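The values are calculated or read from the model by the stated rules, or taken from the named source; none is laboratory data. Only a predicted model underlies this, so the values are computations on that prediction, with no experimental measurement involved. Neighbour counts run over all protein chains shown; Cβ positions are idealised from the backbone, glycine included. All accessible areas refer to the heavy atoms of the entire protein, side chains included, with ligands and DNA or RNA removed. Shrake-Rupley method; radii C 1.70, N 1.55, O 1.52, S 1.80 Å.
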Amino acid sequence: MVINNPYIEKVKADSDIMHQVEEIYSHKWKWSQYFGNDNEIILEIGTGMGNFFGKQVARLPEKNFIGMEIRYKRLFQTAEKSRKADDPHFVMLKDFAQNIDKIFMQWEVAETYIFFPDPWANKDRQRKHRLLQAEFLNNLHQITKTGWKLFFKTDHREYFDSTREILEEQWLWKVVSWTHNYENSEIFDIDNITEFEWFYRGENTDINYIELQK
Ligand SMILES: C[S@@+](CC[C@H](N)C(=O)[O-])C[C@H]1O[C@@H](n2cnc3c(N)ncnc32)[C@H](O)[C@@H]1O
């Protein structure tokens, strides 16, 4: 049976979405040129349906936003929400975040948001698919500007704790703050949560949060 995903054509025709890796990689070290200004680049990995990304694009017109997603419908939904901003500066990239070293040069990105990445936790051998592993965190550190930040949230405690262990071993990032119970912390901002977080609110699931600085 052929499954016809109507979002494939929408994504291909969308000038705010890059879907070919050759094109994506050709902008390495040239993202400022692409945006036509030297504003800071904010990266969100796994934008999902784009609630958080779209709001940030509208809230911060003086920043350039790059969103990464691998699913066509979510790429398109995120682009649609982001276009609602008055003067949107954003582009969506259809690629696996494991490829950030091919997409960005050293110090090219200011802030990165990674919210509720898939935990790949059903079986031990699946964990190799997880995004937050030593090599990826090292690459992310490389592409981040000195003094700028990485924000990570997950409802998966074991993924969170094992990521913290890797971070401790790497000694690359400075931990600004972290909590196993984000919703009960002072920094909790109900107006800025993702759709995944909305979905799990009230389900007795604590949200883990960490803010890191290069
Ligand atoms: C559990 S959802 C969370 C979405 C959103 N951040 C939220 O909090 O609502 C994880 C998202 O990451 C995307 N994703 C999974 N693996 C990815 C990868 N390797 N690179 C980029 N995005 C990925 C999925 O398509 C999905 O939309």
Completion exercise
Among residues of the range 5-23 being of a type in the set (S, T, N, Q) and modelled with pLDDT of 95 or more, the residue surrounded by the most Cβ atoms within 10 Å (Cβ to Cβ) is 20
Practice task
Would you check which residues across the range 69-93 are closer than 12 Å to residue 50 by Cβ and either in a strand (DSSP E or B) or open to solvent by less than 10 Å² (accessible area, probe 1.4 Å) (or both) and list them?
Solution key: 69, 75, 78, 79, 82, 90, 92
Exercise for the section: Six or more apart or on different chains, Cβ under 7 Å: which pairs go from a residue in the range 191-214 that's of a type in the set (A, V, I, L, M, F, W, C) and more than 8 Å from the ligand (Cβ to nearest atom) to one that's open to solvent by 80 Å² or more (accessible area, probe 1.4 Å) and assigned to a strand (DSSP E or B)? Could you list them? Expected result: 210/178; 212/174
Fill in the blank from the handout: Inside the range 98-122, the number of residues satisfying the requirement of being closer than 18 Å to residue 30 by Cα and free of Cβ contacts under 8 Å to residues at least 60 places away in the same chain is 4
Handout entry: Total residues in the range 184-205, condition in contact with a Phe, Trp or Tyr (Cβ under 9 Å, 6 or more places away or on another chain), in a helix (DSSP H, G or I) and open to solvent by less than 80 Å² (accessible area, probe 1.4 Å)
Key = 4
Handout entry: Residue that is nearest to the ligand (Cβ to nearest atom), among those in the range 99-114 that are under 23 Å from residue 51 (Cα atoms) and open to solvent by 20 Å² or more (accessible area, probe 1.4 Å)
Key = 113
Practice task
Residues being more than 10 Å from the chain's Cα centre (by Cα) and either open to solvent by less than 10 Å² (accessible area, probe 1.4 Å) or charged (D, E, K, R) (or both): count how many of those fall in the range 36-53.
Solution key: 4
Fill in the blank from the handout: Residue hits (the range 117-150; over 24 Å from residue 214 (Cα atoms), open to solvent by 60 Å² or more (accessible area, probe 1.4 Å) and not basic (Lys, Arg)) are 118, 120, 122, 124, 129
